[in-house]
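So the structure is just underneath, and the comments pick up after that.
The values are calculated or read from the model by the stated rules, or taken from the named source; none is laboratory data. Note that the structure is a prediction, hence the values are computed from the model and not measured. Virtual Cβ from ideal backbone geometry, glycine too; neighbours counted across all protein chains shown. Keep in mind that these areas ignore ligands, DNA and RNA; they rest on the heavy atoms of the full protein, side chains included. Shrake-Rupley method; radii C 1.70, N 1.55, O 1.52, S 1.80 Å.
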Amino acid sequence: MALFALGAGLHEVVEASLVGSILGTILLVLGVSLLVGGRKRDRQRFELRAATAQSLMLLLATVALVMPAIFQLVAGGGLPDPTAKAVAFPSNLQALSVGVAVVLLASYGAGLVFSLKTHAQLFNPSHDEDEHGGEPWSVRKSVLMLAGAGAAVGWMSEILVHSITEASAAIGLSPFFVGVIVVAIVGNAAEHWVAVYFASRDKMDISVNIAIGSGAQIALFVAPVLVLASFVIGPFPMALVFNGFELGAVFLAVIIANEVTQRGESTWYEGLQLLAIYAVLGLTFYFV
Amino acid sequence: MALFALGAGLHEVVEASLVGSILGTILLVLGVSLLVGGRKRDRQRFELRAATAQSLMLLLATVALVMPAIFQLVAGGGLPDPTAKAVAFPSNLQALSVGVAVVLLASYGAGLVFSLKTHAQLFNPSHDEDEHGGEPWSVRKSVLMLAGAGAAVGWMSEILVHSITEASAAIGLSPFFVGVIVVAIVGNAAEHWVAVYFASRDKMDISVNIAIGSGAQIALFVAPVLVLASFVIGPFPMALVFNGFELGAVFLAVIIANEVTQRGESTWYEGLQLLAIYAVLGLTFYFV
Amino acid sequence: MALFALGAGLHEVVEASLVGSILGTILLVLGVSLLVGGRKRDRQRFELRAATAQSLMLLLATVALVMPAIFQLVAGGGLPDPTAKAVAFPSNLQALSVGVAVVLLASYGAGLVFSLKTHAQLFNPSHDEDEHGGEPWSVRKSVLMLAGAGAAVGWMSEILVHSITEASAAIGLSPFFVGVIVVAIVGNAAEHWVAVYFASRDKMDISVNIAIGSGAQIALFVAPVLVLASFVIGPFPMALVFNGFELGAVFLAVIIANEVTQRGESTWYEGLQLLAIYAVLGLTFYFV
């Protein structure tokens, strides 16, 4: 879907959906997971170092978003308007975007080495599940859920991208709000479902990994791949320059996700606070 | 006092005193408490999760301050001047402020459920005091201190608000400095006194709760109530749009308060650092 | 070298090298140390409270950089251009800079009391080394290394400052990039060498102290001394107003260094993330 929008030159729609997906995973999905998981429990614990590695990925991504924006502001160009469709930036900003995209992809690759090889035990706490029995079924069940939800999401996304203009015009929502909130909620339905399911079974390691990990994956893998792809697909390259709302929202959300995950335990109230922050961001986007 | 200023249409004075109260509690009151409490001790410990819940409230409040400001900046309106008395904002910014105020109040209400019901034991470490004996007297004493200081503060505030213009003109202080620093120090005298008293007795749980909790209460309860009240009282509604100094100061102070409270222990040097930060902010405000 | 540039009125060069040194120590030196130290180890531990005290110093320094910038922006003056040589600011901004410099120096002095007197045991974990034996040699060796590297650095710096314009013109690098990246890497060679050496021997306490401590020393001691010295040396006083790139980079780097050091343990991946962030900043500076 993102590639389709890229081909059509709708850079701002692509960027809004990237930001929306990051906000959706680290505020909405994590918030609902902590809230549902912590409902009848005093506290829930999760592996601190896995969460920290992924939160750091998000901080790296924040630096990668903020510095090109400062570049553009110092050059006197101004950030793109949220109602624009696509903005062409000077060639040095495009070169900077490519360089930053390569750094992000390299860091993502190193993160795979970290999570799959050198510190795989942090991300795969299978000893936990051995104690309960029946976990092969649980894994198969979760894979089936994931596959089912994924198929549903793909189908819904396809509909969405075709009807995005009509739907938003009909209900009176701005295209920006639809891209950054509505599309993101639908697009993260699979992660959402699975993360909340595991949170309610007190498997917060898996929940937090899904929520923060999905956000990190979008920021360090999907976003740079789209930047590089934009040199081949579409009318002109996409630069990593986001508008003021997107920058402020991602920056604040990442700082807050770091604060929430860094103690390795959570309560329902922290989940509710994440949802309140998502609500404030959503309200602001609604009035854009 | 805030309602009085609201009735007179002095929105900027109200906002300065809100920001000043938040800065005063989380930098000055907390700083003096950590400094005095840590003077003859290697370290002081406090309940981590109670402090975290309240620090998160402050982060939510920061989002609620920053997003409307971005809204105003992207719309090309510019932030209010620190020397202005009141600024009228477009109606969509007022609607946004009301929506954000409702979210903040809802989160504050949920925080009461958290601190009084589901996790009351974190905020009421009475088992600690049982060990020492004599705590009924201590509670009564602290209530009396609080009542006495509160009465004194109310009387002083009344004087202050009437003489704010003359006093600042006489000493050569700008109204902004008086509102954000002088009024806040006087207004927080009660919290200040009690927090330092408990810190010196190594009851950091109570001290940190008073300091961070007061800041959170102002941000999540007093501020949104004033926004909603401004639709009834005063010439025109007050929007949640603060000036650049207020935004920068609250944002940095909240980030730093989070860093200080998140380990559940403190030293005198951390208190001194908070005071140094308060001094830098005060100096900046002095030259406005 | 900084005093030389100050005498020549090259304020922006001085400020770029200050920012470059802070970024170099807390991102590059710390990053390489964590990466090399964590290469063959699951995790490395270090004393949390020593690192926290120094990270807080960096946060104080950030406040001291950001507030004068807000002052300048609200006054409508605009931040200095990265290609400027020196900018004269209004006298109230100079007075503010002096006041902030005095607060920073006072906080640095209190930090010495903290690290040398009241909490010296945190910064001098000699009990650790007793277990290994042979530590007198190790200390002598490290002092010799430090002296040798220091002499080499002094000599190289002298060459650098004389040839900075020619070199940058010849290779096509902008003076800003040379000041903020090249000079800083050379200037921190000594700290770099020693920090990585101790990290590889799993003495992370010393490594983290060198990296974060050097950054804090530059921010709270070197920078304010240069501001005060600029009233005696050079054509006109230097204000603490940095350009947008410097502000954004220091702010983000300090936040991230805080996140990395606050758990008291590290992995190789965190080191690599710090290097990735340094790479993104370097790329941005390259295109300025």
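A residue that is at pLDDT 80 or above and touching a Leu at 6+ places or on another chain (Cβ under 6 Å) cannot be found anywhere in the range B:77-93.
Take residue A:94 and decide whether it is open to solvent by 10 Å² or more (accessible area, probe 1.4 Å), part of a helix (DSSP H, G or I), touching a helix residue (DSSP H, G or I) at 6+ places or on another chain (Cβ under 8 Å) and not hydrophobic (A, V, I, L, M, F, W, C). Against the criterion (open to solvent by 10 Å² or more (accessible area, probe 1.4 Å), part of a helix (DSSP H, G or I), touching a helix residue (DSSP H, G or I) at 6+ places or on another chain (Cβ under 8 Å) and not hydrophobic (A, V, I, L, M, F, W, C)), residue A:94 does not qualify. What do you reckon, is residue A:272 without any contact (Cβ under 8 Å) to a residue 12 or more places away in the chain, crowded, with 20+ Cβ neighbours inside 10 Å and not β-branched (Val, Ile, Thr)? For residue A:272, the condition - without any contact (Cβ under 8 Å) to a residue 12 or more places away in the chain, crowded, with 20+ Cβ neighbours inside 10 Å and not β-branched (Val, Ile, Thr) - is not met. For the criterion of being more than 14 Å from chain A (Cβ to nearest Cβ) and in contact with a helix residue (DSSP H, G or I) (Cβ under 7 Å, 6 or more places away or on another chain), residue C:233 passes. Identify the single condition in (1) touching a Phe, Trp or Tyr at 6+ places or on another chain (Cβ under 6 Å); (2) open to solvent by 10 Å² or more (accessible area, probe 1.4 Å) that residue A:210 does not satisfy, given that it satisfies every other one. Going through the list (1) touching a Phe, Trp or Tyr at 6+ places or on another chain (Cβ under 6 Å); (2) open to solvent by 10 Å² or more (accessible area, probe 1.4 Å), residue A:210 breaks only (1).
Just to be sure before I move on: is residue C:86 more than 9 Å from every other protein chain (Cβ to nearest Cβ), part of a loop (DSSP other than H, G, I, E, B) and out of contact with any strand residue (DSSP E or B) (no Cβ under 7 Å at 6 or more places or on another chain) in the structure I sent? Here the answer is yes, as residue C:86 does meet what is asked.
Residues in the range B:251-267 that are touching a helix residue (DSSP H, G or I) at 6+ places or on another chain (Cβ under 6 Å) and either closer than 29 Å to residue B:68 by Cα or facing chain C (nearest Cβ under 7 Å) (or both): B:251, B:252, B:253, B:254, B:256, B:257, B:258, B:259, B:260, B:261.
The rows are residues; the columns are (1) farther than 27 Å from residue C:251 by Cα; (2) without any contact (Cβ under 8 Å) to a residue 12 or more places away in the chain; (3) not in a helix (DSSP H, G or I).
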| site | (1), (2), (3) |
| --- | --- |
| B:190 | yes, no, no |
| B:193 | yes, no, no |
| B:199 | yes, no, no |
| B:215 | no, no, no |
| B:225 | yes, no, no |
| B:231 | yes, no, yes |
| B:234 | yes, no, yes |
| B:249 | no, no, no |
| B:252 | no, no, no |
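Residues that are within 8 Å of chain B (Cβ to nearest Cβ) and either surrounded by fewer than 19 Cβ atoms within 10 Å (Cβ to Cβ) or hydrophobic (A, V, I, L, M, F, W, C) (or both) within the range C:100-112 comprise C:100, C:103, C:104, C:106, C:110, listed in sequence order.
Okay, residues lined up against (1) within 14 Å of chain C (Cβ to nearest Cβ); (2) under 30 Å from residue B:119 (Cα atoms); (3) among the acidic types (Asp, Glu):
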| position | (1), (2), (3) |
| --- | --- |
| A:8 | no, no, no |
| A:11 | no, no, no |
| A:15 | no, no, yes |
| A:33 | no, yes, no |
| A:39 | no, yes, no |
| A:48 | yes, yes, no |
| A:66 | yes, no, no |
| A:81 | no, no, yes |
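Quick one: which residue in C:74, C:87 is in contact with a Pro (Cβ under 8 Å, 6 or more places away or on another chain) and free of Cβ contacts under 8 Å to residues at least 12 places away in the same chain? Just a single option satisfies the conditions, and that option is C:74. Filtering the range B:274-284 for residues that are at the interface with chain C (Cβ under 7 Å from one of its Cβ atoms), outside any helix (DSSP H, G or I) and more than 30 Å from residue B:92 (Cβ to Cβ) leaves an empty set.
Restricting attention to the range B:20-53, which residues are polar (S, T, N, Q) and under 12 Å from the mean Cα position of the chain (by Cα)? Of everything in the range B:20-53, those that are polar (S, T, N, Q) and under 12 Å from the mean Cα position of the chain (by Cα) turn out to be B:21, B:25.
Filtering the range A:38-46 for residues that are in a helix (DSSP H, G or I), touching a helix residue (DSSP H, G or I) at 6+ places or on another chain (Cβ under 7 Å) and basic (Lys, Arg) leaves an empty set. Residue A:183 meets the conditions (1) among the aliphatic types (A, V, I, L, M); (2) part of a helix (DSSP H, G or I); (3) open to solvent by 30 Å² or more (accessible area, probe 1.4 Å); (4) farther than 22 Å from residue A:63 by Cα in every case but one. The failed one is (3).
Would you say residue B:121 is farther than 30 Å from residue C:49 by Cβ and either modelled with pLDDT of 85 or more or in a helix (DSSP H, G or I) (or both)? Against the criterion (farther than 30 Å from residue C:49 by Cβ and either modelled with pLDDT of 85 or more or in a helix (DSSP H, G or I) (or both)), residue B:121 does not qualify. When residues in the range B:19-52 are screened for being open to solvent by 10 Å² or more (accessible area, probe 1.4 Å) and within 14 Å of residue B:216 (Cβ to Cβ), 3 of them pass. When the criteria are applied in full, residue B:264 meets the requirement of being surrounded by fewer than 21 Cβ atoms within 10 Å (Cβ to Cβ) and closer than 18 Å to residue B:38 by Cα.
Take residue B:221 and tell me if it is within 15 Å of the chain's Cα centre (by Cα), aromatic (Phe, Trp, Tyr) and open to solvent by 30 Å² or more (accessible area, probe 1.4 Å). Criteria met by residue B:221.
Restricting to the range C:68-79, name every residue that is at the interface with chain B (Cβ under 10 Å from one of its Cβ atoms) and either polar (S, T, N, Q) or open to solvent by less than 20 Å² (accessible area, probe 1.4 Å) (or both). Passing the criteria: C:68, C:69, C:71. Residues satisfying the criterion are absent from the range B:191-205 (criterion: at pLDDT below 75 and surrounded by fewer than 23 Cβ atoms within 10 Å (Cβ to Cβ)).
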